[in-house]
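The values are calculated or read from the model by the stated rules, or taken from the named source; none is laboratory data. Predicted, not measured: the structure shown is a model, and the values here were computed from it. When the accessible area is computed, the model is the full protein with side chains, heavy atoms only, and any ligands, DNA or RNA have been set aside. Shrake-Rupley method; radii C 1.70, N 1.55, O 1.52, S 1.80 Å.
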Amino acid sequence: MIQRPPEFGAFQFVVLATLRAAQLTRGCRPRVDGIHKHTVTAQVEVAEGKVRQMIAKPVVVAEPVGIIGAPVEDVPVLV
């Protein structure tokens with residue numbers, strides 16, 4: 001069983017792992033060894049601190065629109 005780090009809330013852990021799993025599905029290279037499904041690999045990467053969340057700085061445009069109507073300031077970016 002994968003243990004989430006204590007500094008992450010359950011929701012934050014799930015959201016970050018979901019975003020990372022989407023990246024892995026699109027072809028990004030995993031940052032941990034092992035043969036797992038993308039969802040498990042993403043959870044392991046987040047639990048081991050191999051990926052972290054950064055909030056993107058907004059780009060000035062005429063009408064800023066984020067993902068599904070979210071403000072641009074709230075769109076998470078994985079590094």
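Quick notes on this one:
- Accessible heavy-atom area order of Ile2, Ile35, Ile55, highest first, probe of 1.4 Å: Ile35, Ile55, Ile2
- Cα pair count fraction exceeding 15 Å, expressed as % - the stretch 1-55: 38
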